[in-house]
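Scroll down for the structure; my scribbles are underneath it.
The values are calculated or read from the model by the stated rules, or taken from the named source; none is laboratory data. It should be emphasised that the depicted structure is a prediction, and the values quoted were computed from it without experimental measurement. As a convention, Cβ positions derive from the backbone with ideal geometry for all residues, glycine included, and neighbour counts pool all protein chains shown.
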2 protein chains.
Amino acid sequence: MFRALVVEDQTLMRLALMNEVQASFEKCVVLGAETLTIATAELQNNHFDLVVIDPGLPGFDPTSQGDRVAVVDKIIEASPSAIHIVVTGSDNRCEADGFRQIGAAAYLGKTGLAPGVFSDVLDDISTKGFALRLSRVVMTKPDYRFSVLTPREQEAIDMMAHRAPGVKRKEIFSLMADRLAIDANSAEKYYKQARAKLMRQGHPLPHGL
Amino acid sequence: MFRALVVEDQTLMRLALMNEVQASFEKCVVLGAETLTIATAELQNNHFDLVVIDPGLPGFDPTSQGDRVAVVDKIIEASPSAIHIVVTGSDNRCEADGFRQIGAAAYLGKTGLAPGVFSDVLDDISTKGFALRLSRVVMTKPDYRFSVLTPREQEAIDMMAHRAPGVKRKEIFSLMADRLAIDANSAEKYYKQARAKLMRQGHPLPHGL
DNA sequence: AAAAAAAGGGATGACACCATCCCTTTTTTG
DNA sequence: CAAAAAAGGGATGGTGTCATCCCTTTTTTT
């Protein structure tokens with residue numbers, strides 16, 4: 001059984017990261033720790049295959065480079081056989097190099113760290129040995145979330161709203177079909193159903209229909 | 001239709017906050033903006049009932065108090081009729097007072113901001129006019145997440161694992177029943193089913209069974 | 001010893017979502 | 001104009017979770 005540990009003080013972010021880990025492994029157990037104290041206690045008693053670390057933990061100065069390195073270093077030494085991924089809001093290439101030298105397998109900025117990226121990072125680690133994803137702004141339009149839509153329908157609207165100009169809807173349906181491992185016709189159906197729901201309720205549709 | 005906007009650059013956090021907003025309102029539309037540029041564009045063209053803001057946005061100095069206030073102030077002025085909630089990782093009481101003076105209805109620290117807290121905050125706002133939740137460490141044990149469990153089963157394990165010493169299981173079942181608006185017998189069933197699943201797969205159970 | 005709590009399971013219907021295949025009409029594009 | 005794309009809908013079976021009610025046996029309290 002694959003075992004992972006996520007060390008992050010911000011609850012919503014910790015849960016989101018735990019979700020990402022779960023989405024990347026068929027069957028697994030993921031533990032979440034809010035503090036370094038809890039994390040080290042777990043690392044002493046159990047084995048882990050993967051540890052995700054945000055160095056900005058309570059009790060440490062987030063602006064002190066020494067504190068940040070100390071946190072990561074302590075965790076790496078307590079779980080030498082695990083893969084270690086550093087996730088931070090205030091990322092920079094210099095710090096990435098530092099963490100790489102002490103044994104981290106990946107360094108990720110929180111901005112732009114979207115659902116699904118985590119799996120790609122794990123692929124990069126197993127092929128190239130190290131993964132680097134610095135924060136970068138990617139959105140040009142807002143994301144829409146409608147409570148009346150099912151996840152599939154929401155996904156369909158999402159992808160269509162982010163369609164590049166000139167791209168045909170058919171192409172989006174194919175892309176969606178690939179990503180969700182379903183038929184393109186089904187993808188088209190979800191989009192149409194979602195659109196119909198929104199129209200029926202008089203919603204101002206996101207630009208691009 | 002209730003309309004909300006979440007302004008936060010960290011994607012996973014933005015999605016989590018959008019989820020929280022959705023969970024607090026039966027039917028609603030929630031928009032997510034990664035940058036102040038996107039946010040202001042939306043605020044100009046549409047009406048919003050609720051705006052959630054993280055002042056630490058790309059293009060601004062997160063350590064500069066002036067920048068942080070400028071971001072929030074610009075958004076509040078662009079949507080004077082909306083409720084404004086400030087969410088930040090680096091929270092302190094002083095900044096909370098400052099944001100309150102310029103019109104924010106709530107100030108929340110990200111640490112300790114767990115699923116469900118958002119609803120409580122909204123209640124506080126409508127009754128007391130202002131809500132303050134500074135970051136604080138609350139966990140003493142790690143959270144466990146098992147991919148084999150359904151959400152209900154996971155919830156049951158979660159609550160039972162965090163049972164205070166001396167508290168009877170029956171009491172936890174009642175509490176769970178209240179929180180999920182189900183029968184206590186059903187809550188008990190979920191727990192037993194979850195426990196059985198984990199045992200069957202030879203999982204080391206979280207302390208407290 | 002009696003009573004309560006806990007452990008362990010079986011069976012059930014309701015319901016939402018997933019995924020598919022089918023159909024017609026209108027609009028846009030080549 | 002002809003062909004492709006898009007819009008709009010109806011019907012279908014499968015599946016997983018939710019929520020409930022029922023049962024027995026073992027352990028712990030009182």
Where A:M199 falls short, out of the listed (1) part of a helix (DSSP H, G or I); (2) more than 18 Å from B:M18 (Cα to Cα); (3) within 12 Å of another protein chain (Cβ to nearest Cβ): (3)
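So is A:P58 within 7 Å of another protein chain (Cβ to nearest Cβ), surrounded by fewer than 24 Cβ atoms within 10 Å (Cβ to Cβ), touching a residue at least 24 places away in the same chain (Cβ under 8 Å) and under 17 Å from A:I75 (Cα atoms) or not? Don't jump to the end; show me each part of the working.
Details: within 7 Å of another protein chain (Cβ to nearest Cβ): yes; surrounded by fewer than 24 Cβ atoms within 10 Å (Cβ to Cβ): yes; touching a residue at least 24 places away in the same chain (Cβ under 8 Å): yes; under 17 Å from A:I75 (Cα atoms): yes.
In short, yes.
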Which of the residues that make up segment B:177-209 are within 12 Å of DNA strand D (Cβ to nearest atom), buried (at least 16 other Cβ atoms within 10 Å of the Cβ) and within 16 Å of B:Y144 (Cβ to Cβ)? B:Y190, B:Y191, B:A194, B:K197
Looking only at segment A:155-176, filter to residues that are within 11 Å of DNA strand D (Cβ to nearest atom) and among the charged types (D, E, K, R); which one of those is nearest to B:V30 (Cα to Cα)? A:R163
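For segment B:153-171, check the following and say yes or no: at least one residue is of a type in the set (K, R) and under 20 Å from the mean Cα position of the chain (by Cα).
Just the residues of segment B:153-171 that are of a type in the set (K, R), to begin with: B:163, B:168-170.
From the residues that got through so far, the ones that are under 20 Å from the mean Cα position of the chain (by Cα) too are none.
No; the residues of segment B:153-171 include none that is of a type in the set (K, R) and under 20 Å from the mean Cα position of the chain (by Cα).
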Just a yes or no: is a residue in segment B:121-129 touching a Ser or Thr at 6+ places or on another chain (Cβ under 7 Å), more than 14 Å from DNA strand C (Cβ to nearest atom), modelled with pLDDT under 95 and aliphatic (A, V, I, L, M)? no
How many of the residues in segment B:61-83 are more than 22 Å from A:G89 (Cβ to Cβ) and crowded, with 18+ Cβ neighbours inside 10 Å? 4
Among the numbered conditions (1) surrounded by 17 or more Cβ atoms within 10 Å (Cβ to Cβ); (2) without any contact (Cβ under 8 Å) to a residue 24 or more places away in the chain, tell me where A:D91 comes up short. (2)
Kindly establish whether A:G103 is on the phi > 0 side of the Ramachandran plot and either surrounded by 13 or more Cβ atoms within 10 Å (Cβ to Cβ) or within 16 Å of DNA strand C (Cβ to nearest atom) (or both). yes
What's the total number of residues in segment B:143-163 that are in contact (Cβ under 8 Å) with a residue 40 or more places away in the chain and crowded, with 19+ Cβ neighbours inside 10 Å? 6
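Specify which of the listed residues (B:V21, B:V6, B:V30) is facing chain A (nearest Cβ under 7 Å) and touching a strand residue (DSSP E or B) at 6+ places or on another chain (Cβ under 9 Å). First the steps, then the outcome.
Working: B:V21 fails: facing chain A (nearest Cβ under 7 Å); B:V6 fails: facing chain A (nearest Cβ under 7 Å).
The conditions single out B:V30.
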Total residues in segment B:1-52, condition in contact with a Gly (Cβ under 8 Å, 6 or more places away or on another chain), surrounded by fewer than 18 Cβ atoms within 10 Å (Cβ to Cβ) and of a type in the set (D, E): 0
Failed item, numbered, when B:Q154 is tested on (1) part of a helix (DSSP H, G or I); (2) within 14 Å of chain A (Cβ to nearest Cβ); (3) within 16 Å of DNA strand C (Cβ to nearest atom): (3)
What are the residues in segment A:12-40 that are touching a helix residue (DSSP H, G or I) at 6+ places or on another chain (Cβ under 7 Å) and closer than 18 Å to B:L205 by Cα, if any? A:C28, A:V30, A:L31, A:G32, A:A33, A:A39
On the given criteria, is B:G129 more than 13 Å from chain A (Cβ to nearest Cβ) and not hydroxyl-bearing (S, T, Y)? yes
If a residue has to be closer than 22 Å to A:D123 by Cα and either in contact with a Pro (Cβ under 6 Å, 6 or more places away or on another chain) or among the hydroxyl-bearing types (S, T, Y) (or both) to count, how many in segment A:73-108 make the cut? 4
Count - residues of segment A:43-67 that are among the charged types (D, E, K, R) and modelled with pLDDT under 95: 2
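Scan segment B:159-174 and give yes if some residue there is in a strand (DSSP E or B), of a type in the set (A, V, I, L, M) and away from chain A (no Cβ under 14 Å), otherwise no.
Taking segment B:159-174 as the starting set, the residues that turn out to be in a strand (DSSP E or B) are none.
Scanning segment B:159-174, I find no residue that is in a strand (DSSP E or B), of a type in the set (A, V, I, L, M) and away from chain A (no Cβ under 14 Å), so the answer is no.
Could you list all residues from segment B:1-17 that are in a strand (DSSP E or B) and charged (D, E, K, R)? Break it down stepwise before answering.
Applying the first criterion (in a strand (DSSP E or B)) to segment B:1-17 yields B:2-7, B:10.
Of everything in segment B:1-17, just one residue is in a strand (DSSP E or B) and charged (D, E, K, R), namely B:R3.
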